[in-house]
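Comments concern the structure below.
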Amino acid sequence: MPRRPDPLPAKATRRDMLRLGAAGSAFLFAPALARGPGGGPWAQAEKIAARVQAPTFPDRTVSVLASGAAADGETADTVAFARAIEQCAEDGGGRVLVPPGRYRTGAIHLRSNVELHLERGAHILFSTDPADYPLVLTRYEGVELYNYSPLIYARDAENVAVTGQGILHGGADTEHWWPWCGAERFGWREGEPSQTADRDTLFEMAERGVPVEERVFGTDHFLRPSFIEFYRCANVAVRGVRLEAAPFWNLHPVLCRNVLVEDVTVAGHGPNNDGCNPESVDGMVIQRCHFDTGDDCIAIKSGRNADGRRLSVPARNILVRRCEMKAGHGGVVIGSEISGGAHSVFVEDCRMDSPDLWYALRFKNNAMRGGVIEDVFVRNVDVGRVGRAAITCDFNYEEGADGPFTPVLRRLVVDGLRVEHAIRVLDLQGLPGAPVRDIVLRDCAFGGVIEPSIIAHTEGLRLEDVRVNGRPVRRL
């Protein structure tokens, strides 16, 4: 039988999320900066790994072929996928099987206790027609609205998964979806529509407190959908599949509890093709994944500005391990939509390497977000090359100091970071009255450094056994 947690209510409040996450929140560590392979904060990481397990499903299989899928790459199989998922769910759950073949489909909406499983050789090719993606509740850059459905979507579900060895192709390119970003290098041309006006309108609505039900976009609007999104779900897994050519963000769990992403490959250098964006998630493990995205590989978020504060649900208890990051703006990133805060994030045993990877670790915030980022622990990360700094914290991102909310980054411990080539070691830029605090670098080595670190409005920076270009340093 599937594992059944306390169900998420149709509209999860901050109190609901705190109640549901109580077990994870009990992993408080003291002292916060303790070291040691098995104790201190890293004991909490092991508890996260033990808590976040893949959901199990009834021994029942429904093939999309039996539900009428043509699997010829031309015929629309949207109805066949919906029929198979409906039958599986109504029978009590199980596996919806996608055998080898090429399946063209619009949005796929999953239900509780259903696993969508792609066998090796299965290719799901998503439609490029916006009409195939009906309106759903979603988040766009940290703001709730009704917009085009993500390509694969579930809402208020429990025990739900996408697994297998197949390929999911989002269909985005310089003729479909990507031009909406408004950049010529992604296919946009002068006089064509873009997301700019819609994005500005959405953000303005959120700042004015317009009810979410009235923030309706979709048809005749140009805000691109995410690839795979789970909204207010519990016990979620994405395992083994390959994602290509996403319209927007690739993996986007929102307000979810217990999420496992493992052995997944994300490839695609389109605009905003972030690899994995856990947003206001409590309890998540991302392991043995490969990201080559052209944007942030992993970016942890918790809502933007007034809308993030309205929900006020942090991202917390997140473990990233044994992943590989290639091209992107950052390897592991927190922000910038971080108004709900981020706490207890762990990164270990990862490999990053690309001249097109800007930073290994990146923190983005400003005085309009105002979120608290705290208790972030990193160990045993190898970096070949980054194009800019090894570690950056930028409180001047976008609105910068123009806002009344205090951004916070405190208690970051980096242990065993080895970088072969970085232009500079650190780029830490807090704000007057909002310094970056309590950063510890321990047993770290940085090579190929040709520029001095930028350190502004930073307090409590501590170096222990740090080497730059082969030489021990006590300050940067």
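Quick note: the coordinates plus some simple rules give every number you see, no bench work behind them. Computed from a predicted structure; not experimentally measured. Neighbour counts run over all protein chains shown; Cβ positions are idealised from the backbone, glycine included.
Summary table
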{"read-out": "Calculated from backbone phi, Karplus (6.51, -1.76, 1.60) coupling profile of segment 56-73 in Hz, x at Gly/Pro", "value": "10, 10, x, 7, 8, 10, 10, 8, 5, 5, 5, 8, x, 5, 7, 6, 10, x"}
{"read-out": "Translational D in µm²/s for segment 93-473 (Stokes-Einstein at 25 °C, 0.890 mPa s, Kirkwood Rh from C-alpha pairs)", "value": "118"}
{"read-out": "For segment 131-240: relative contact order, % (alpha-carbon pairs under 8 angstrom, 6 or more apart)", "value": "43"}
{"read-out": "Chain lengthening between ALA131 and ALA183 when straightened (0.36 nm per residue, less Cα-Cα)", "value": "16.4 nm"}
{"read-out": "LYS301, LYS364 arranged by Cβ crowding within 10 Å, fewest neighbours leading", "value": "LYS364, LYS301"}
{"read-out": "Two-decimal log10 I(q)/I(0) for segment 399-454, as the Debye equation yields it once each C-alpha is a single scatterer, q = 0.18, 0.23 Å⁻¹", "value": "-0.74, -0.96"}
{"read-out": "Built amide H within the under 5 Å cut-off of LEU409, gap 5+", "value": "ILE373, ARG437"}
{"read-out": "Percent RCO, i.e. relative contact order, over segment 299-422, from Cα pairs under 8 Å lying at least 6 residues apart", "value": "25"}
{"read-out": "Placed amide H near SER112: partners under 5 Å, 5+ positions off or other chain", "value": "GLU158"}
{"read-out": "Given charges at beta-carbon only (K, R positive; D, E negative), |dipole| of segment 402-476 in Debye", "value": "200"}
{"read-out": "Under Karplus coefficients 6.51, -1.76 and 1.60, residue-wise ³J(HN,Hα) of segment 398-403 in Hz, glycine/proline x", "value": "6, 5, x, 7, 7, x"}
{"read-out": "All aspartates and glutamates inside 15 Å of LYS47 as judged from Cα atoms, apart from same-chain residues fewer than 8 positions distant", "value": "ASP282, GLU348"}
{"read-out": "Value of relative contact order over the chain, rounded to a whole percent, pairs C-alpha under 8 Å and six or more apart", "value": "9"}
{"read-out": "Extension gain, GLN53 back to GLU86 (0.36 nm per residue minus Cα-Cα distance, nm)", "value": "9.4 nm"}
{"read-out": "Sorted by Cβ density within 10 Å, fewest first, the residues LEU202, LEU97", "value": "LEU97, LEU202"}
{"read-out": "Ordering of 262-269, 409-416, 386-393 by burial proxy (mean other Cβ atoms within 10 Å per residue, highest first)", "value": "386-393, 409-416, 262-269"}
{"read-out": "Whole-percent pair-distance distribution, where bins are 5 Å wide, for the alpha carbons of segment 235-380", "value": "2, 11, 22, 24, 23, 13, 5, 0"}
{"read-out": "Net lengthening on full extension, ASP356/ARG208 (0.36 nm per residue, minus Cα-Cα)", "value": "49.5 nm"}
{"read-out": "Under-5 Å amide H pairs with ALA327, H placed in peptide plane, nonlocal only", "value": "THR293, GLY294"}
{"read-out": "Karplus 3J(HN,Hα) series, Hz, for segment 299-308 with 6.51 cos²θ - 1.76 cosθ + 1.60 (x for Gly, Pro)", "value": "10, 8, 9, 7, x, 10, 6, 4, 6, x"}
{"read-out": "Separation of alpha-carbon centers, segment 221-270 and segment 92-112, rounded to whole Å", "value": "16"}
